[in-house]
Protein chains: 4
Amino acid sequence: MRILLSNDDGVRAPGLAALYRALKDIAEVTVIAPDRNCSGASNSLTLHSPLRVEQLENGFFSVNGTPTDCVHIGTNSPLGEAPDLVVSGINDAPNMGDDVIYSGTVAAATEGRFVGLPAIAVSMGQHGHDYYETAAQVVADLIKKLQQEPLQSDFVLNVNVPYVAFKDIKGTKLTRLGRRHRAENMVRDSDPWGREIFWYGLVGPQRDDGPGTDFAAVREGYVSITPLTVDMTARDDEERVQKWLDKTK
Amino acid sequence: MRILLSNDDGVRAPGLAALYRALKDIAEVTVIAPDRNCSGASNSLTLHSPLRVEQLENGFFSVNGTPTDCVHIGTNSPLGEAPDLVVSGINDAPNMGDDVIYSGTVAAATEGRFVGLPAIAVSMGQHGHDYYETAAQVVADLIKKLQQEPLQSDFVLNVNVPYVAFKDIKGTKLTRLGRRHRAENMVRDSDPWGREIFWYGLVGPQRDDGPGTDFAAVREGYVSITPLTVDMTARDDEERVQKWLDKTK
Amino acid sequence: MRILLSNDDGVRAPGLAALYRALKDIAEVTVIAPDRNCSGASNSLTLHSPLRVEQLENGFFSVNGTPTDCVHIGTNSPLGEAPDLVVSGINDAPNMGDDVIYSGTVAAATEGRFVGLPAIAVSMGQHGHDYYETAAQVVADLIKKLQQEPLQSDFVLNVNVPYVAFKDIKGTKLTRLGRRHRAENMVRDSDPWGREIFWYGLVGPQRDDGPGTDFAAVREGYVSITPLTVDMTARDDEERVQKWLDKTK
Amino acid sequence: MRILLSNDDGVRAPGLAALYRALKDIAEVTVIAPDRNCSGASNSLTLHSPLRVEQLENGFFSVNGTPTDCVHIGTNSPLGEAPDLVVSGINDAPNMGDDVIYSGTVAAATEGRFVGLPAIAVSMGQHGHDYYETAAQVVADLIKKLQQEPLQSDFVLNVNVPYVAFKDIKGTKLTRLGRRHRAENMVRDSDPWGREIFWYGLVGPQRDDGPGTDFAAVREGYVSITPLTVDMTARDDEERVQKWLDKTK
């Protein structure tokens with residue numbers, strides 16, 4: 001099995017290294033990751049300038065682009081044989097609920113949806129660097145399952161892992177994405193020359209974090225696995241919208 | 001009604017100006033848009049450096065960031081009263097099928113999902129600058145409907161408009177997103193110093209463009225309206241994934 | 001006479017527009033300027049990605065690059081006939097003393113050193129937007145002199161104009177660059193997530209601002225003109241260095 | 001002796017590592033270098049966004065900025081005790097003649113001009129990675145001389161080293177900067193979507209490369225040392241400009 005491994009924290013991130021160590025013995029792993037931290041990159045593409053690939057001394061490939069660019073290069077260019085599976089992470093913070101639409105970690109996995117097996121995005125359930133080994137083990141186990149029992153698909157498995165030792169994991173739950181309330185207001189500040197600047201503020205509080213959500217699973221000590229699709233069609237709302245359109249003709 | 005208008009082609013794009021002209025008489029419109037073309041920006045956020053807002057001579061606000069940044073500033077900062085509705089576009093090319101996950105136009109609308117009314121993203125069904133008036137008229141009509149009959153929601157209406165005169169539009173269809181095959185391989189080239197560079201290649205051919213899809217509606221001359229959700233949970237696949245998880249325990 | 005006009009405050013800066021208005025009647029003026037504010041760009045070149053040129057509605061050309069890139073495009077590419085003279089400004093703040101090595105305004109002029117006539121960089125002697133007309137008039141007068149009496153050269157005339165009305169200018173002084181003490185320490189701060197960031201602090205106090213310097217001329221109400229060369233060889237120090245090299249053999 | 005070491009090829013460049021190895025035994029060396037290749041950065045400053053410093057596993061500090069930013073941080077911020085000497089390089093290509101005004105390597109040294117000892121910029125006389133040891137030895141020897149016989153100054157020693165083994169160096173010459181003719185035209189190309197792009201072309205041929213120049217010294221197998229000043233005042237031209245100003249009054 002050939003795995004393409006990427007992330008959004010950048011090619012030198014410890015979470016990437018931890019995942020590489022866990023996977024290199026069960027598959028042939030190629031690492032292609034951004035040269036800079038790309039948190040918040042979402043599915044952004046570098047369309048206006050060309051990409052450059054550089055191989056580092058540890059064999060990892062570094063790209064002057066986004067997570068999506070990295071996986072696109074790994075799956076759509078003649079750098080070598082196409083991978084059987086794309087894995088992204090380990091992100092140093094959670095990617096749950098609404099936040100996944102901003103996530104470069106999830107985006108990297110999404111870009112790997114064409115290769116046959118379900119791409120895997122993996123994130124720590126809490127910000128920190130202490131339990132990468134737990135998440136690495138969780139992913140290695142998932143991949144062994146895929147090797148044993150392939151799961152043909154074009155979706156992504158979005159995995160969030162409790163911030164505990166592997167032995168303290170309570171189990172695995174299949175979840176849906178929760179929802180957040182809107183974010184806090186931006187932080188208004190000024191630079192040293194007195195010119196106004198804005199920074200993103202804190203994320204909003206959780207609005208839907210009840211049973212079945214990724215928020216709940218991780219909070220209770222379970223690995224959360226949410227299957228994600230790129231088809232954002234709001235099927236539940238179709239009828240309502242159709243009625244509205246008819247009414248206002 | 002207060003409208004926040006943004007786009008991803010940048011604050012000086014003709015599609016933005018055309019939409020502004022069509023909306024300014026039916027609502028109070030504030031324009032906040034990126035200072036550069038951000039095609040392919042997806043939902044990316046500028047987290048590592050602060051944002052700066054500058055008001056241009058025509059009254060539009062220009063931001064050194066992404067479409068998502070622009071709408072976030074317009075809805076989560078004290079620049080003024082919160083909008084009742086967020087509108088994004090007119091994009092100078094289609095945003096249909098899988099491509100919406102990369103779209104800055106759709107992302108700007110998505111970021112406006114918290115304001116109460118369904119955010120609207122609007123794109124030309126074909127690349128070009130000749131029929132912005134058509135799309136502007138379509139959006140103005142949708143907004144008049146919303147003014148007459150509010151549609152409480154947190155989804156996005158993704159609108160793609162045929163590249164024809166307004167009178168030649170055949171009607172409106174509620175659609176789902178189509179699907180594409182994977183993209184062409186990247187274009188491998190070298191810069192003037194002989195160093196290898198990669199550019200994105202062409203998008204893949206349409207894989208699912210049959211009845212009900214956005215591709216089909218626009219091809220047949222209809223305005224396509226697809227309600228989009230940020231909840232990417234792949235509900236149709238949950239059972240299959242649960243079975244797979246159980247089987248491989 | 002064909003003039004290539006650029007700046008570092010960006011294509012939409014009011015100082016550029018003021019200078020354009022003053023020059024368009026005495027020469028054929030092409031404006032090529034950066035799409036963003038490039039203060040502090042020095043002579044930096046965009047080598048790793050390609051440049052794109054876009055003509056705005058007012059006829060100015062906008063480039064996604066640095067001041068040096070803009071002038072290089074205007075003098076080394078087939079956009080049209082080569083200019084007879086390169087002018088850069090009006091910068092919204094002074095470019096005097098050591099600071100000229102960081103200046104994008106001066107760099108744009110420097111890049112025009114090959115066209116035959118001395119390139120002109122012009123800056124307001126004090127930060128502000130109220131007296132661009134003064135500086136524009138000063139430059140127009142200099143160019144009329146050049147038209148009347150050409151000055152063959154490959155140097156740059158670095159012009160700093162007192163922040164007063166044209167009638168209050170006391171005259172013109174040929175000056176040398178003054179010197180500053182080292183800058184204030186950087187400003188240490190943290191972003192909203194508590195991560196350490198650094199901003200440039202204030203410039204250092206003037207160390208050599210006595211008679212003959214640009215600092216002194218502007219302070220006393222004169223236009224300062226300093227001829228600048230790209231030959232940074234420290235001729236005054238050659239002997240000392242040679243002695244040192246000999247001594248330590 | 002405390003040395004601040006930087007470069008413009010980026011913190012992972014082999015020339016930087018080679019120089020570090022040669023200096024760490026004769027001084028206390030702190031490395032602060034850009035996270036990306038900054039060739040052509042000149043003296044550019046990052047004024048519009050804040051800088052971030054990250055320490056890599058090898059102890060080097062990586063900065064999301066320019067060579068000038070790196071040295072400014074190392075000399076003007078409380079990261080530790082101020083250095084006694086700033087060294088920049090080894091650049092993987094020459095920095096001679098007019099080209100020094102574009103050089104990030106020279107700029108890094110220039111930013112170190114306030115610390116008391118003459119800052120040193122060092123470059124390979126020819127593009128390539130085979131003879132960094134030669135240049136590293138040349139710099140180590142210069143620093144030993146400075147330790148033995150300090151040379152109080154605020155200029156930069158710009159060192160270019162022939163691309164040969166250390167034993168094949170013919171000696172050292174104190175030189176002046178040569179001059180080039182203007183560069184080749186830009187390369188006009190198009191991206192995969194058919195949109196026009198421009199790349200920098202080749203540098204111009206040498207115009208003044210006779211006896212006494214840096215070009216000549218390196219060509220003949222000597223280490224070239226050119227003292228550089230930040231005072232760009234064109235003293236040789238002052239009289240001519242004064243006459244011209246008087247004539248055209």
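The values are calculated or read from the model by the stated rules, or taken from the named source; none is laboratory data. Everything quoted here is computed from the prediction, not taken from an experiment. Cβ placement follows ideal geometry from the backbone for every residue including glycine, while neighbour counts extend to all protein chains displayed. These accessible areas exclude ligands, DNA and RNA; they are computed on the full protein's heavy atoms, side chains included. Shrake-Rupley method; radii C 1.70, N 1.55, O 1.52, S 1.80 Å.
Below, the figures for the structure above:
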{"read-out": "Backbone N within the range A:1-42 under 15 Å of label point (7 Å from A:GLN55 Cα along the Cβ vector)", "value": "A:29-33"}
{"read-out": "Helix-derived mean residue ellipticity, 222 nm - over chain B, DSSP H n ≥ 4, -39500 (n - 2.57), to 500", "value": "-7000 deg cm²/dmol"}
{"read-out": "Highest-fluctuation residue, A:SER77, A:SER153, A:SER88 considered, GNM on chain A with Cα pairs under 10 Å", "value": "A:SER77"}
{"read-out": "Cut-off 13 Å between beta-carbons: net charge of the residues surrounding A:ILE120, Lys and Arg +1, Asp and Glu -1", "value": "0"}
{"read-out": "DSSP-loop trypsin sites (Lys or Arg not before Pro) across the range D:125-216, with at most 13 other Cβ within 10 angstrom", "value": "D:LYS170, D:ARG195"}
{"read-out": "The range B:18-108: equivalent-ellipsoid semi-axes (sqrt of 5 x gyration tensor eigenvalues, Cα, Å)", "value": "20, 18, 12"}
{"read-out": "For the range A:113-249, the Rg and Dmax computed from alpha carbons only, in angstrom", "value": "19.9, 61"}
{"read-out": "DSSP bridge pairs, chain D: antiparallel proportion in percent, nearest 5", "value": "35 percent"}
{"read-out": "Under the Karplus curve 6.51 cos²θ - 1.76 cosθ + 1.60, θ = phi - 60°, whole-Hz ³J(HN,Hα) for the range A:130-139, x wherever Gly or Pro sits", "value": "8, 10, 4, 4, 4, 5, 4, 5, 4, 5"}
{"read-out": "Rel. contact order, % - alpha carbon contacts under 8 angstrom, at least six apart, chain A", "value": "17 percent"}
{"read-out": "Contact order relative to length of the range A:106-249, as percent, for alpha carbon pairs under 8 angstrom and 6 or more apart", "value": "25 percent"}
{"read-out": "Proximal lysine pairs, chain A, alpha carbons under 23 Å, eight or more residues apart or interchain", "value": "9"}
{"read-out": "Chain D: most fluctuating residue of D:VAL53, D:VAL106, D:VAL159 per GNM, C-alpha cutoff 10 Å", "value": "D:VAL53"}
{"read-out": "Cα centroid separation - the range D:89-168 against the range A:108-140, whole Å", "value": "46 Å"}
{"read-out": "Whole-Hz couplings from phi, Karplus 6.51/-1.76/1.60, listed for the range C:175-185; x for Gly and Pro", "value": "10, 10, 5, x, 9, 10, 6, 4, 5, 4, 4"}
{"read-out": "Over the range A:177-221, relative contact order from alpha-carbon pairs under 8 Å, at least 6 apart, %", "value": "44 percent"}
{"read-out": "Vicinal HN-Hα couplings computed from phi for the range B:204-221 (Karplus, 6.51 cos²θ - 1.76 cosθ + 1.60; Hz; Gly/Pro x)", "value": "x, x, 6, 9, 10, 10, x, x, x, 8, 4, 3, 5, 4, 5, 4, 8, x"}
{"read-out": "Selected from D:HIS48, D:HIS181, D:HIS129 as most flexible by GNM, with chain D as the system and alpha-carbon contacts under 10 Å", "value": "D:HIS48"}
{"read-out": "Angstrom value of the Kirkwood radius, inverse mean 1/r, which spans all Cα pairs in chain B", "value": "19.0 Å"}
{"read-out": "Lys/Arg +1, Asp/Glu -1 at C-beta; the range C:1-150 dipole; positive extreme among C:PRO94, C:ASN64, C:GLY104", "value": "C:ASN64"}
{"read-out": "The range D:16-107: GluC sites (Glu not before Pro) in DSSP loop, at most 15 other beta carbons within 10 Å", "value": "D:GLU57, D:GLU81"}
{"read-out": "Reference-scaled alpha-carbon Rg (2.2 N^0.38 Å with N residues) for the protein assembly as shown", "value": "0.99"}
{"read-out": "Centre separation in Å (Cα based) which lies between the range D:206-249 and the range D:4-51", "value": "28 Å"}
{"read-out": "Solvent-accessible area buried by A and B, counting both chains, probe 1.4 angstrom, square angstrom", "value": "8400 Å²"}
{"read-out": "Inter-chain shielding of D:93-105 (mean C-beta neighbours from other protein chains, 10 Å cut-off)", "value": "3"}
{"read-out": "Peptide C:106-117 - average C-beta neighbours from other chains (10 Å radius)", "value": "2"}
{"read-out": "Rounded percent of accessible protein surface that carbon and sulfur make up, the protein assembly as shown, 1.4 Å probe", "value": "47 percent"}
{"read-out": "Those GluC sites (Glu not before Pro) in the range C:145-249 that DSSP places in a loop and that have at most 13 other beta carbons within 10 Å", "value": "C:GLU220"}
{"read-out": "Environment charge at D:CYS70 (Cβ cut-off 11 Å; Lys +1, Arg +1, Asp -1, Glu -1)", "value": "-4"}
{"read-out": "Shielding by partners, peptide D:29-35 (average Cβ within 10 angstrom, other chains)", "value": "1"}
{"read-out": "Per residue accessible area in Å² of chain B, where ligands, DNA and RNA are left out and the probe is 1.4 Å", "value": "37 Å²"}
{"read-out": "Antiparallel content of DSSP bridges confined to the protein assembly as shown, in %, to 5", "value": "40 percent"}
